[in-house]
Amino acid sequence: MFAVTITAPTITERKGTAKATGNPYHLRIQTGYLHTVGEDGTPNEIPDKFEFLLDADQAPYPRGRYQLHPSAVTVSRDGRLEVRPRLAPQAAPTPAAPKA
C-alpha cells in the first residue's frame, strides 16, 4: 500500500464561477507527500508532494502518516482506473520481541 505523510492540516480554498458553465465552484485543497518507489522498486529518498481535493464537509487530515484506503482506487463507468486520495491512519509497526 502507498504511504502518505501529512505535515499540516492546512487547506487552501479556491472559489469562483466556472467560465464554461457559469456555475459556482468551491475547492478545498490539502497537501500531502507520497512515498514512491523508482522503476527498479527501490524507495525514493524524498517523497513526492501532491495536492488533493477534500469533500465540502470533510475535515482536513491531521499531521501524521497514512496509507491509501482500499476505497481510494476504483474503476470508472468507462473502464478507467481512478485514484481519489482517501487516507487511513498507518498502523504503527509492532515492536520486535526481545531476544532471550
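Where a number appears in this text, it was derived from the coordinates with a stated rule and is not lab data. As the structure is a computational prediction, the values presented were derived from the model and not from experiment. Virtual Cβ from ideal backbone geometry, glycine too; neighbours counted across all protein chains shown.
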With the charge dipole of the chain built from beta-carbon charges (+1 for Lys and Arg, -1 for Asp and Glu) about the Cα centre, the Cα from Tyr33, Pro60, Pro47 projecting farthest to the positive end belongs to Pro60
If you place +1 on the Cβ of every Lys and Arg and -1 on the Cβ of every Asp and Glu, how big does the dipole about the Cα centre of the stretch 3-89 come out, in debye to the nearest 20? 380 debye
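So, R0 is 25 Å and r is the distance between the beta-carbons of Glu45 and Ser71; what FRET efficiency does that work out to, to 0.05? Don't skip to the answer; put the middle values down first.
On the way: r = 30 Å, r/R0 = 1.18.
E between Glu45 and Ser71, to the nearest 0.05, is 0.25.
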For the chain, taking Cα atoms only, what is the radius of gyration to one decimal and the Dmax to the nearest whole Å? 17.5, 71
